[in-house]
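First the structure, in the form of structure tokens, and then the observations on it.
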Amino acid sequence: MIEEKRRTFVFDFDSTLTQVEAFEELAEISLKGDPKKKDKIAQIAKITDQGVDGDITFTESLELRLKILNAHRDHLDALVRRLSRKISPSISRNKEFFKQFADDIYIVSCGFKEFIDPIMAKYGIPSDRIHANTFRYNKAGKIIGFDRENDLSKPDGKIDELKKMDLPGEVHVIGDGFSDYQMRAAGIADKFYAFTENVERKNILDKADHIAPSLDEILYKEKLPMSISYPKNRIKVLLLEGIHEHAVEQLKSEGYQVELLAGSLTEDELCEAVKGKHVLGIRSKTQITKRVVDAADRLLAIGAFCIGTNQIDLDACMRKGICVFNAPFSNTRSVVELVIGEMIMLMRGTHQKSMNMHRGVWNKSAKGSFEIRGKKLGIVGYGNIGSQLSVLAEALGMQVLYFDVEEKLALGNAQKVSSLRDLLKKSDVVTLHVDGRPENNGIITKKELGWMKEGAVFINLARGKVVDLEALKQALLSGKIAGAAIDVFPEEPKSNDEPFDNPFIGMDNVILTPHVGGSTIEAQKNIATYVPEALMSYVNSGDSFGSVNLPNIRVPEVKGAHRLLHIHENVPGIMARINNIFSRFNINILGQHLQTNNEIGYLITDINKEYNSDVVDELKRIDHTIKLRVLY
């Protein structure tokens, strides 16, 4: 048996183990009340960067910063408390790595032992493994300098210190600065990881053996135990159709790799683009067919940054264990406000008057112009949008009628009618808010339009295929329908550059909008907050709450446990077989949560001891297993 070669890990402290530079934090404490505090801290930060980047010697950097600080021994306890709250996230979540491999970990820092020692003691790293500077004080306790005999206070100090340490095995240096790279360049370190979780210094990126956005990435590369099973920086996300930048920011801040495209893709293009991606974000134009799902070799989740999900083959996703989320509420208010606005414009004939004015025609007449107060609004589809519209319309003085194939609770004084025909015959304004299920296609045809009141107005912000457009055009031309507002169409351009062709073009009594019912800054930001949160929660913890195709589970994180996710076909005996495997490997279950639908089951299991590859392999081999994920 070949013995594995020993590795020694040398960590920097400032901006690596911590998110911040300690001197800048000390400045915040020691310069409290100083009227020039802000300028002095900026000056310290500039000097720090000059030293880290190698523009000035470290000794110069240290001297200059200490002169500005005006620090005292009594400030150090507060500094330790501040730094303890600002440990780098990936360092903090992998605390067990430091404790388990303490014999192979050293801290080599140009910082100071007075604040590094107490912080790293909590991570199991003793003082004799921490190589750093020490302060010098006057009799009153003021910090007046540093130990100038310490190699780490001098130029190239880390090189000289590491040479003296003569560490065993391969030496791997993890840091964010030029002085960390120099140890590799000098030939006394075997590998240099440029740590970029907190700061990215471009002058060392191309010199690094590997760029590490987190400690998770380093542990993954080194095949060492880590708190999560897969580094977040390796999670690849593809966002299409110009999804709001807030979503991009959220996903990037989580550490994911994010690619953003402005438009949608064809099926062939998407089949290629989705390969290797873990998360896909789309809006309404992108079609996720079974062929696309089959091409997705790593896809965990899809986020629909809109209400509808009819563009997604939900069954194909479910059978491959791909979790789909949408935004059922986030743009509701925006759609409702557009309906209200269009309703008023149609009842007043505002659009026709505006078009006449553009042609130089002044037609100041009240003919065909009505208030909406006292009129009957007929809402077809009483879901999230329909019900909120009901409340606002009633506040404007309208009488609200609604029809829905499902039983829905009436809000306010809204009245449910027994049939679509009854609603159309009674309503002055008819607005559609149905979903895109196939049975809703063509629910408004020549026959239904014939049931409507003479001179009523018609609004469709639901789905393009629910209305026979030619029949609606004829009803508008005949005057049966006084006006219409259409936001959705059976065929829509894939991008802003494609032409738009429609039978209503040029008609003064028709308001046309390019599928913008939910397109407000507020709605897009709401969606760009809600959907990424759902996606990240599922990827990070297995939380499927809000999914439209997988059984919904929300389970809190269990500290000190390992979490396994098992998606399987809903057949008898799966749970027993899974638990039998745990029993045979003497694994204790801390928590177990199962939800099923008619087709699949989703099981989350938290276990309290190290699992091995045999356990994972056996779980994967269970008949009817769709997907197994190991989270942490």
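Values in this text are rule-based calculations from the coordinates and carry no lab data. Nothing here was measured: the structure is a model prediction, and the numbers come from that model. Note that we place each Cβ from the backbone using ideal geometry, even for glycine, and neighbour counts take in every protein chain shown.
The Cα atoms of segment 7-221 cover 48, 33, 30 Å along the three principal axes, with the biggest extent listed first. Under the definition of Cα pairs under 8 Å and six or more residues apart, what whole-number percent is the relative contact order of the chain? Averaging sequence separation for qualifying contacts and normalising by length gives 9 percent for the chain. Amide hydrogen proximity for residue 543: with H placed 1.01 Å from N in the peptide plane, the residues at 5 or more positions away or on another chain lying under 5 Å are 538. Length gained on full extension, residue 392 to residue 267: 40.9 nm, using 0.36 nm per residue less the C-alpha separation. Each of the peptides 239-245, 379-385, 548-554 was scored by the mean count of other Cβ atoms within 10 Å over its residues; in descending order, highest first, they stand as 379-385, 239-245, 548-554.
Spin-label model, residue 623 to residue 545: label points 7 Å out along the Cα-to-beta-carbon direction sit 3.6 nm apart. Derived scalar couplings between HN and Hα for segment 470-481 equal 5, 5, 5, 4, 5, 5, 6, 5, 7, x, 4, 9 Hz in order, rounded to whole Hz, by the Karplus curve 6.51 cos²θ - 1.76 cosθ + 1.60 (θ = phi - 60°), x for Gly and Pro. Annotation for residue 85 and residue 259: the two label points, set 7 Å from Cα along the Cα-Cβ direction, are 4.1 nm apart. From its DSSP helices (H runs of at least four residues, each -39,500 (n - 2.57)), the chain gives a residue-normalised ellipticity at 222 nm of -10000 deg cm²/dmol. Rounded to the nearest 20, the size of the Cβ-charge dipole of segment 7-221 about its Cα centre is 800 debye, with Lys and Arg at +1 and Asp and Glu at -1. In order along segment 33-40, the phi-based Karplus estimate (6.51 cos²θ - 1.76 cosθ + 1.60, θ = phi - 60°) of 3J(HN,Hα) comes to x, 6, x, 9, 3, 4, 5, 5 Hz; Gly and Pro are listed as x. Residues within the reach of a label modelled at residue 207 (point 7 angstrom out along Cα to beta-carbon, backbone nitrogen below 18 Å), restricted to segment 41-57, are 48-57. For segment 103-126, the residues whose amide N sits under 16 Å from a probe point set 7 Å from the Cα of residue 95 along the beta carbon direction are 118-126.
Once the Cα-Cα distance is subtracted from the 0.36 nm per residue extended length, the residue 149 to residue 598 segment shows a gain of 154.3 nm.
With viscosity set to 1.567 mPa s at 4 °C, what whole-number translational diffusion coefficient in µm²/s follows for segment 417-538 from Stokes-Einstein and a Kirkwood radius over Cα pairs? It comes out at roughly 81 µm²/s. Diffusion of segment 332-519 by Stokes-Einstein, at 10 °C in a medium of 1.306 mPa s and with Rh set to the Kirkwood radius over alpha-carbon pairs, works out to 95 µm²/s. What the Cβ-Cβ distance of residue 411 and residue 577 gives, at R0 = 41 Å and to the nearest 0.05, is a FRET efficiency of 0.30. Of the GluC sites (Glu not before Pro) found in segment 309-397, those in coil by DSSP whose Cβ has at most 12 other Cβ atoms within 10 Å are 371. When its C-alpha radius of gyration is set against 2.2 N^0.38 Å (N residues), segment 557-630 gives a value of 1.02.
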